[in-house]
Amino acid sequence: MNDGFQLHRNAFGQLVFTAADGREHLEVEPARAFPISAARENIAVLSRDGHELAWIAQLDNLADAPRRLLEEELEGREFMPEIRRVCGVSGYGTPCIWSVETDRGNTDLVLNAEEDIRRLAAPTLLIMDSRGIQFLIRDPRVLDANSRRILERFL
């Protein structure tokens, strides 16, 4: 089910939306309404000038091909590593360097201020590093004891 529209990539790798009436829109972008709490629901397909072309209530209800294209595009646009473990910190004052293990590998992030750790829908946390990269902690309660202890010092 896709409400009569089609998606494909052109020769330049751009996502192309073809409406039910046959009109094509180049360089469209999907955008999640709730990227963390409901990542597979409520997705808009936007024209290059920001107008909504389609609203997808449930990504899983799309046919395989358009669903995969949207998933690829969203993955490329929304880089948000998920922290699995806090290996250590350079100090307990800010700014400080955190060494973390994420779902995308190990890295260091610079926490400029304690306010850069934001609580989202309980229990999710979002950490913004000095480069503007957002790191996600879905549930601090499932982190190992050392990671929880370090995190609690900053909350």
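Bear in mind these aren't lab numbers, they're just calculated from the coordinates by the rules spelled out. Note that the coordinates shown come from a computational prediction; the quantities given were computed from them, not determined experimentally. For neighbour counting, all protein chains shown are included, and Cβ atoms are generated from backbone atoms with ideal geometry for every residue, glycine included.
Taking only alpha carbon atoms, the range 83-154 gives an Rg to Rh ratio of 0.91, where Rh is the Kirkwood radius. Computed from backbone phi, the HN-Hα couplings of the range 17-23 come to 9, 10, 6, 4, 7, x, 6 Hz, rounded to whole numbers (Karplus: 6.51 cos²θ - 1.76 cosθ + 1.60, θ = phi - 60°; Gly and Pro given as x). Summing -39500 (n - 2.57) over the DSSP H runs of n ≥ 4 in the chain and dividing by its residue number, what mean residue ellipticity at 222 nm do you reach, to the nearest 500 deg cm²/dmol? Roughly -5000 deg cm²/dmol at 222 nm, from the helical runs in the chain. Rounded to 0.05, the FRET efficiency of the ILE133 and ARG68 pair, given R0 = 30 Å and the Cβ-Cβ distance, is 0.70.
What is the ratio of the Cα radius of gyration of the chain to 2.2 N^0.38 Å, where N is its residue count, to two decimals?
On the way: Rg = 19.1 Å, N = 155, 2.2 N^0.38 = 15.0 Å.
This ratio for the chain stands at 1.27.
Over the range 1-41, what is the relative contact order in whole percent, taking alpha-carbon pairs under 8 Å and six or more residues apart?
Numbers: 43 pairs, mean separation 10.5, N = 41.
Value for the range 1-41: 26 percent.
Computed from Cα positions, the angle between helix 64-77 and the longest principal axis of the chain comes to roughly 40 degrees. Among the trypsin sites (Lys or Arg not before Pro) in the range 107-154, those placed in a DSSP loop whose Cβ has at most 15 other Cβ atoms within 10 Å are ARG131, ARG138. Its Cα gyration tensor gives the range 6-77 an equivalent ellipsoid, and the semi-axes of that ellipsoid, as √(5λ) in whole Å with the largest first, are 18, 13, 12. Under the combined filter of DSSP loop state and at most 15 neighbouring Cβ atoms within 10 Å, the range 1-61 retains these chymotrypsin sites (Phe, Trp or Tyr not before Pro): PHE12.
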